[in-house]
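Notes for the one structure printed next.
The values are calculated or read from the model by the stated rules, or taken from the named source; none is laboratory data. Since this is a predicted model, take the numbers as computed values, not measurements. Here the Cβ is made from the backbone with ideal geometry for all residues, glycine too, and neighbour counts use every protein chain on show.
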């Protein structure tokens, strides 16, 4: 059905928005959400008046001819005590796409416009109901695919991550104020970097950076996971290893070499760490076009991996050279040799810095391999203090720490407290980007456009 154009009198940022806030398709209940200054007028047009604030009421939703569209539950949250900080109306009706379409169309007729993806959360951020980390946690909570991710996203939504950032900002600010005070009173002739109080502050800042970096890296792993590619010669047992790690017969296993012609992905959890295992075609001179394409895709997967497991048949290779199976991926991608089929070679299951000895058939050494994957990822396991984090958070933290180190280096070299104070100010600004206290429209647009409509 056609979408009416929004009335001209509602300017961007002050208009009223509406969207279906439940997943597409049929269901028992669906929700239409409305936010903005015209909520009272829309409620009057739909139901003949505003419901009692924060009280669920059963009512009929009516079209322009006063004919019922549906019967359902309505909730009204007056500003500023609402999710967005504006007047919010939520209507719960029967989960028919046709009925929800009619209800949304009626809202548009009464002066709403379609909400953009993430616009409700964006308004919550702009109105001070959420900071940027919490707003991102809303999307992460919706998209979480396992329990540890959901719990971590909820802790971010509740402010655990934001509290850590604000604590670090306060510590940096305290140090900056101390240094600026020393600059303002040069007659004291005190080398403030030699002062024990300043040294303690510097130690505290550097320690907090290190602790937060570790937590952010854990949070990023919980959100993004780890991409592990299985590579090696044909018939080394890569598909058997995929099946053993995923605890199901995901890949076809055969004694014939070259069975795997394409990449095959399976996501597993290692103590809460999501790991995407990618089985690839055996690396060799291809015998036909299909196998050649499989080898090309295998090499492409290696370039995008976080970790490459080079699987070898230990019964055949033994202690011989591994030059023929080792790859040279771009960048600093870590590689670990997995000596498979030790049930045939007689080697003992063991783990060293660059090798793990296993049998995908019997399960020998698999716990060692799983621990090695977690160790390389730097994953410490989930706990009640973890939170979800993103790549942009780690980038901002890197830049903030870089400003701190740059300022300290310049101060030691040139004895110019002004340079240190200026770098500490830049450090604060970089940290402020994480919570959104300092942000650009481009950054906000990129973040909220990734949300689903109605959130």
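Which of the following residues is crowded, with 21+ Cβ neighbours inside 10 Å, touching a residue at least 24 places away in the same chain (Cβ under 8 Å), under 30 Å from the mean Cα position of the chain (by Cα) and not in a loop (DSSP other than H, G, I, E, B): 152, 148?
Going through 152, 148 in turn, just one is crowded, with 21+ Cβ neighbours inside 10 Å, touching a residue at least 24 places away in the same chain (Cβ under 8 Å), under 30 Å from the mean Cα position of the chain (by Cα) and not in a loop (DSSP other than H, G, I, E, B): 152.
Within the bounds of region 79-93, is there any residue that is touching a strand residue (DSSP E or B) at 6+ places or on another chain (Cβ under 7 Å), outside the structural domain of residue 22 (by TED's automatic domain parsing) and within 29 Å of residue 224 (Cβ to Cβ)?
Checking region 79-93: not a single residue is touching a strand residue (DSSP E or B) at 6+ places or on another chain (Cβ under 7 Å), outside the structural domain of residue 22 (by TED's automatic domain parsing) and within 29 Å of residue 224 (Cβ to Cβ).
Can you list the strands (runs of 3 or more DSSP E) lying wholly within region 48-136 that have 2 or more residues being touching a helix residue (DSSP H, G or I) at 6+ places or on another chain (Cβ under 9 Å) and closer than 17 Å to residue 29 by Cα? Walk me through it before giving the result.
Numbers: elements: 57-62, 68-77, 88-95, 112-114.
It comes to 57-62, 68-77, 88-95.
Name the single residue that is surrounded by the fewest Cβ atoms within 10 Å (Cβ to Cβ) among those in region 328-342 being more than 32 Å from the chain's Cα centre (by Cα) and free of Cβ contacts under 8 Å to residues at least 60 places away in the same chain. Show your work before the answer.
Going through region 328-342, the residues more than 32 Å from the chain's Cα centre (by Cα) turn out to be 339-342.
Those left that are additionally free of Cβ contacts under 8 Å to residues at least 60 places away in the same chain: 339, 342.
Details: 339: 26, 342: 21.
Result: 342.
Can you tell me which residue is surrounded by the most Cβ atoms within 10 Å (Cβ to Cβ) among those in region 388-412 that are at pLDDT below 90 and in contact with a helix residue (DSSP H, G or I) (Cβ under 8 Å, 6 or more places away or on another chain)?
Of region 388-412, the ones at pLDDT below 90 are 388, 404-412.
When the remaining residues are screened for being in contact with a helix residue (DSSP H, G or I) (Cβ under 8 Å, 6 or more places away or on another chain), the result is 388, 404, 406-408, 410-411.
Numbers: 388: 31, 404: 22, 406: 16, 407: 25, 408: 18, 410: 17, 411: 19.
Once the filter is applied, the top-ranked residue is 388.
Please indicate, with yes or no, whether at least one residue in region 263-277 is surrounded by fewer than 20 Cβ atoms within 10 Å (Cβ to Cβ), outside any strand (DSSP E or B), modelled with pLDDT under 90 and touching a helix residue (DSSP H, G or I) at 6+ places or on another chain (Cβ under 6 Å).
Yes, the conditions are met somewhere in region 263-277.
For residues in region 218-228 being surrounded by 19 or more Cβ atoms within 10 Å (Cβ to Cβ) and farther than 20 Å from residue 302 by Cα, which is nearest to the chain's Cα centre (by Cα)?
223
Which count do you get for residues in region 229-247 that are over 20 Å from residue 296 (Cβ atoms) and touching a helix residue (DSSP H, G or I) at 6+ places or on another chain (Cβ under 8 Å)?
Residues in region 229-247 being over 20 Å from residue 296 (Cβ atoms) and touching a helix residue (DSSP H, G or I) at 6+ places or on another chain (Cβ under 8 Å): 2 in total.
Return only the number of the condition from (1) without any contact (Cβ under 8 Å) to a residue 24 or more places away in the chain; (2) over 30 Å from residue 403 (Cβ atoms) that residue 115 does not satisfy.
Checking residue 115 against (1) without any contact (Cβ under 8 Å) to a residue 24 or more places away in the chain; (2) over 30 Å from residue 403 (Cβ atoms), the one that fails is (1).
Can you tell me which of (1) without any contact (Cβ under 8 Å) to a residue 12 or more places away in the chain; (2) within 29 Å of the chain's Cα centre (by Cα); (3) in the same structural domain as residue 271 (by TED's automatic domain parsing) is the one residue 373 doesn't meet?
Evaluating residue 373 over (1) without any contact (Cβ under 8 Å) to a residue 12 or more places away in the chain; (2) within 29 Å of the chain's Cα centre (by Cα); (3) in the same structural domain as residue 271 (by TED's automatic domain parsing) leaves (1) as the failure.
Residues in region 343-357: is at least one farther than 16 Å from residue 228 by Cα and touching a residue at least 60 places away in the same chain (Cβ under 8 Å)?
Let us first name the residues in region 343-357 that are farther than 16 Å from residue 228 by Cα, namely 343-353, 357.
Checking the rest, the ones that are also touching a residue at least 60 places away in the same chain (Cβ under 8 Å) come to none.
Checked region 343-357: no residue is farther than 16 Å from residue 228 by Cα and touching a residue at least 60 places away in the same chain (Cβ under 8 Å).
Can you tell me which condition residue 107 does not meet? The list is (1) outside the structural domain of residue 20 (by TED's automatic domain parsing); (2) surrounded by 15 or more Cβ atoms within 10 Å (Cβ to Cβ), and all the others hold.
(1)
Filter region 314-346 for residues that are in contact with a strand residue (DSSP E or B) (Cβ under 6 Å, 6 or more places away or on another chain), farther than 17 Å from residue 376 by Cβ and at pLDDT below 90 and give the result.
314, 325
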